[in-house]
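Everything below concerns the one structure shown next.
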Amino acid sequence: MQHFPDRKKMGRKKNIRRLSVITVLIFIIFANTMSTNLMVYAEEQTETQAADQTEVLEVESPSCILVEASTGQVLFEKNCDEAMAPASVTKVMTLLLAFEAIEAGQMTLDDIVTVSEHAASMGGSQCFFEAGEEQTVEDMIKCIIIASGNDAAVAMAEKVAGSEEAFVKKMNERAAELGMTNASFKNACGLDADGHKMSARDISIMSRELITKYPAIFDYSGIWMDSIIHKTRRGESQFDLVNTNKFLNMYTGATGLKTGFTNTAKYCMSATAERDGIQLIAVIMGADTKDIRNKDACRLLDYGYSMCQKYTDLNILQEKEISIDNGTESCVTIKTDSQFTGILLAGEHAEDVKKKLEMRDPLTAPVDSGEELGKMSYYIGERCIGSVPIYAVEKVDSMSMKYAFVKVLKLQFTY
């Protein structure tokens, strides 16, 4: 007897196959849709994250940056890499090179600066020096940082480098060394000139270098009023210096640093402040009014202090001796500063800070007492919040052939 297939079973199998195919097709369509949606979502998230920071703060000025000074951590930025005219904020670099020249022994605070015809001819904000007039380096620093004297800045440039042209070359070389990638200096004082531009980030970099390497600048930037004595052919006369940085009296903890204005640059400022040991730098560029500049600087600094907290370690070193190769001693005693202070940002916690001892590798003799051998670095995640140097307490000589021979003999006789 011939057996025929069960048509009901065959129908059910076909239906199952059809459902399977439909299910797979639906899954593929759904997966493609989800993939597209996720891509769009990811793109939207990226755009949103980029916009989030500007939504946190309403900064009216076209360009700004907020930096924590000890680490250089950027806390807020807006269009901070656009090169713009910096006006008298230029003088931060002039002062940096002046302080570096003092540190290098090229001049002292008591040395005399003679004002040239060229320096005396500067327009804009000035201290009205006459050609041939003499002032000390320290008084010129006051004239630059307090009264924003263009004549004083150019006279200082000539003192340091021989001419303003040579000094401008040094300014651009130093900018390159510091990583000021959008900076181009054309003069020492900040008067408008074709191509004389830099970004807010550039200004923050040179400001940080000045205040962290030469904190003595605050001895001058915080002076509200002072005076110098003009000494000319007509005799002596007092000239009052009034700080152009009115922000000093507007913000609690303000320490400086430099304001600027030209018709091209509009209102600019590198504002520095310190509260509870936390130093911040707020750079404003291109503000339409002085009021906008000052309000934006206040907003930035307030935001920064709401974001930062101080971290202190009073027990930096647990290990007091480390091994050293090729030395007359097998170990060297090490020391460091009594404490470390760093800055934690919002959402970071002290218990999450990790210490890492980073020593010279290989560590071999000879080493001198006080020689830097490495550092203790502090990390929170991948971010380094700072470090302190590690020094040798005592001198360890290298092992000579004679010393090694004598030591071997002593070991032989000991046993």
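Some points to look at:
- Packing, taken as the mean count of other beta carbons within 10 Å per residue, orders the peptides 206-214, 335-343, 359-367 from highest to lowest as 206-214, 335-343, 359-367.
- Highest to lowest packing among 381-388, 165-172, 257-264, scored as the average C-beta count within 10 Å: 257-264, 165-172, 381-388
- Ordering of 191-199, 80-88 by packing [mean C-beta count within 10 Å, highest first]: 80-88, 191-199
- Taking 12 Å as the straight-line reach from the Cα of K335, the aspartates and glutamates in range (excluding those fewer than 8 positions away in the same chain) are E319, E321, E371, E372, E394.
- Listed values for region 184-190 are Karplus-derived 3J(HN,Hα) couplings in whole Hz (6.51 cos²θ - 1.76 cosθ + 1.60, θ = phi - 60°), namely 9, 8, 10, 8, 9, 10, x, and x replaces Gly and Pro.
- Rounded to 5, percent antiparallel among DSSP beta bridges of region 314-384: 90 percent
- Amide hydrogen proximity for I343: with H placed 1.01 Å from N in the peptide plane, the residues at 5 or more positions away or on another chain lying under 5 Å are Y311.
- Amide proton proximity set for S125, modelled H, under 5 Å, gap of 5+: N150
- R0 of 22 Å, Cβ-Cβ distance D361-T333: FRET efficiency to nearest 0.05: 0.75
- Whole-Hz couplings from phi, Karplus 6.51/-1.76/1.60, listed for region 226-232; x for Gly and Pro: 7, 7, 10, 10, 6, 10, 10
- Cβ-derived FRET efficiency at R0 25 Å, E58 paired with E382, nearest 0.05: 0.20
- The overall shape of region 228-301 is oblate: from the C-alpha gyration tensor, with semi-axes ordered a ≥ b ≥ c, the ratio a/c is 1.5 or greater and a/b is no larger than b/c.
- Straight-distance crosslink candidates among aspartates and glutamates, where the alpha carbon sits under 12 Å from K142 and sequence neighbours closer than 8 are dropped: D219, D226, D240
- From phi via Karplus (6.51, -1.76, 1.60), per-residue ³J(HN,Hα) for region 278-287 in Hz, x at Gly/Pro: 9, 9, 10, 10, 10, 10, 10, 9, x, 5
Every read-out reported here was derived from the displayed coordinates using simple, explicitly stated rules and does not represent laboratory data. From a predicted model like this one, the values you see are computed outputs, not experimental measurements. Neighbour counts run over all protein chains shown; Cβ positions are idealised from the backbone, glycine included.
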